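The values are calculated or read from the model by the stated rules, or taken from the named source; none is laboratory data. For clarity, every value in this text was computed on a predicted model and none was experimentally measured. Cβ placement follows ideal geometry from the backbone for every residue including glycine, while neighbour counts extend to all protein chains displayed. Just so you know, the surface numbers come from the protein's heavy atoms only, side chains and all, with ligands and any DNA or RNA stripped out. Shrake-Rupley method; radii C 1.70, N 1.55, O 1.52, S 1.80 Å.
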Amino acid sequence: MVRVLVYLAIFACLAVGAVWLADRPGEISMVWQGYRIDTSVAIGAIGVVLLAFLVILLWAILRFVFGLPTAFSLSSRSRRRARGFEAVSRGMVAIGAGDPIAAGRYTNEARRFVPNEPLTLLLEAQTAQLSGNRPQAEAAFKAMLDRSETRVLGLRGLFVEAKRRGDMAAARAFADDAVRRSPSLAWANDALLDFHTNAGDWQSARTAVERRAALRLADKAEARRQRAVLLAAEAIEARDSEPERALAAALEAVKLAPGLTPAATLAGRMLSERGDIRKAAKILEAAWREAPHPDVAAAYLDVRPGDSALDRLNRANALAKVRPADPESVLVVAGAAIHAREFQKARETLKPLLAGGPSVRACLLMAELEEAEHGAAGRVREWLARATRAPHDAAWVADGLVSDHWMPVSPLSGRLDAFVWTVPPATLGGRPTAIDDVLADLDDSTRLIEAKADSVTTVEPVAVTPAPAAPEPKPAAIETAPATASEEPKPESASGGASAAGAEAVPAPPKVHDPAPAKPATAQAGSSAAPPAVAAKPVIFPVAHAPDDPGPETEPPGEPRKSGFRLFG
């Protein structure tokens, strides 16, 4: 619209000028080379305009003629440049598609048409990496260092190649150079942070974290958490050598991340040792509120040295009120109740946790409870056996590695703050093992088995005939070979009856059918005895003694006292 208005203004000015010349007529007379020219002013003005137009046209023709070589050269360079950039573009696509042959072809074409372009060096380096030619890739990255626009890119490539060949010193030098030239590089700052943490240089690592936060390479929450983790690592390392610095670092870490278990535990224990019970309890309660952990509970129960078991139980109840629905609270209260010999409270506390499928720690607590209350070795072994099949409890896990203690850096990947208190991955998604009759063991009315078992006696199957004169046969261990048809049944000896008297207290075991019964003996002439019967294979299972029953005076040599489950009604 503005251009149209400009054109209209120009035409209006020309029209005004033409009218002005028409209103003021005049004559022009010119003598040149013996010729005299007389004309009006308007015609003279038109002639001047035409002459100027011809001069301009002639100048344009001359410029075109003399500029043809330059135009041809520019056109050729332009075509070569276009072909070069097209080769670079297709080469990058080939690299992305993983085609080293096509990438190499386009790299040669780009090197021929645009050898001095930064993208050509990048394409050459990427092609060499894709083909596995590491020396050629490093040469291309080193060539990038000579140009200001590709220097940082070359440092990044050399850093990657140094890490691939395991030269961490060279990789760190390239990262340092990159940060010095461009402080806002995310990869270089992250690399320096990893180098500092893997070397255990916690102060330099905190400086790197603060620089990343100032450059907004990490959000504030992540930076606070990383600073807290580094301070906790520094405090744990200086715990014995510099306790003052360790306590200051632990308190600062707790202020940044109250739920950081190692920092809260260390700060609570060190404050407890110094007599500041209230502050230690406050820090541990805040950590328990954020993330319940057995180490926090142990430090909280030990916050006042010399307390009785009942005082520790009261403190466990107070801690459980912070997170009453958490399983850790149940385990803490149950453990403290067992140590205080409040066995009924321990059972009532564990009952809801066992109803949903007990974990390993819950089963171990039940074993400890049975041993402390009844001294029943059978129940203890039963719960220990259940613990081997129970779901695992939470542990410190990082990159699939399960550790029994917290570490600031993952030993596998070198990542900072990698350890998380969670269930190990091998047990995730698994269904809890079915445990039969778990809640029955929590009933105080459950009586222990009041039966005696002096030894385990196994009777081999044998073909016998009932004694006609024996009124009430008693079970006895027969160690002879199977009877033949010619053998007569022998009456029971006094010694056999005496040996079987000790087994009368044991109820009759279930019948065991022998897969290969003995052949019945043939009746002799004149004998009216019935066909012999095949005796069952009785097995006497060992059972546990009652607490008030000391058992036999002596045990069989080399045989430990046996105990087991309830088998008979």
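Things worth noting here:
- The residues of segment 305-353 that are at pLDDT 90 or above and of a type in the set (Asp, Glu), listed by number, are Asp311, Asp326, Glu328, Glu342, Glu348.
- Residues in segment 161-206 that are open to solvent by less than 50 Å² (accessible area, probe 1.4 Å), within 25 Å of the chain's Cα centre (by Cα) and among the hydrophobic types (A, V, I, L, M, F, W, C): 9 in all.
- Flag set for Glu382, criterion: open to solvent by less than 40 Å² (accessible area, probe 1.4 Å), farther than 20 Å from Trp421 by Cα, over 25 Å from the mean Cα position of the chain (by Cα) and not hydroxyl-bearing (Ser, Thr, Tyr).
- Within segment 38-82, restricting attention to residues that are among the aromatic types (Phe, Trp, Tyr) and farther than 30 Å from Gly17 by Cα, the residue that is modelled with the lowest pLDDT is Phe72.
- Only a single item in (1) free of Cβ contacts under 8 Å to residues at least 12 places away in the same chain; (2) in contact with a Lys or Arg (Cβ under 9 Å, 6 or more places away or on another chain); (3) open to solvent by 10 Å² or more (accessible area, probe 1.4 Å) is not met by Pro294, and it is number (1).
- The set of residues from segment 349-373 being under 10 Å from Gly335 (Cβ atoms), of a type outside the set (Asp, Glu) and either surrounded by fewer than 23 Cβ atoms within 10 Å (Cβ to Cβ) or in contact with a strand residue (DSSP E or B) (Cβ under 8 Å, 6 or more places away or on another chain) (or both) comprises Arg361, Leu364.
- Of all residues in segment 223-260 being assigned to a loop (DSSP other than H, G, I, E, B), in contact (Cβ under 8 Å) with a residue 24 or more places away in the chain and not hydrophobic (A, V, I, L, M, F, W, C), the one that is farthest from Val322 (Cα to Cα): Arg239
- Every pair of residues 6+ apart whose Cβ atoms lie under 8 Å, when the first sits in segment 112-135 and is under 12 Å from Thr150 (Cα atoms) while the second is in a loop (DSSP other than H, G, I, E, B): Pro118/Arg147; Pro118/Glu149; Pro118/Thr150; Thr120/Val114; Leu121/Thr150; Leu122/Thr150
- Selection status of Ala128, within 18 Å of Ala162 (Cα to Cα), touching a Pro at 6+ places or on another chain (Cβ under 9 Å), at pLDDT 90 or above and among the small types (Gly, Ala, Ser): yes
- Residue count for segment 207-224 under the criterion of being open to solvent by less than 60 Å² (accessible area, probe 1.4 Å) and among the charged types (D, E, K, R): the result is 1.
- Take the conditions (1) modelled with pLDDT under 95; (2) open to solvent by 50 Å² or more (accessible area, probe 1.4 Å); Arg227 misses just one of them, which is (1).
- Filter pass, Arg341 being in contact (Cβ under 8 Å) with a residue 24 or more places away in the chain and surrounded by fewer than 15 Cβ atoms within 10 Å (Cβ to Cβ): yes
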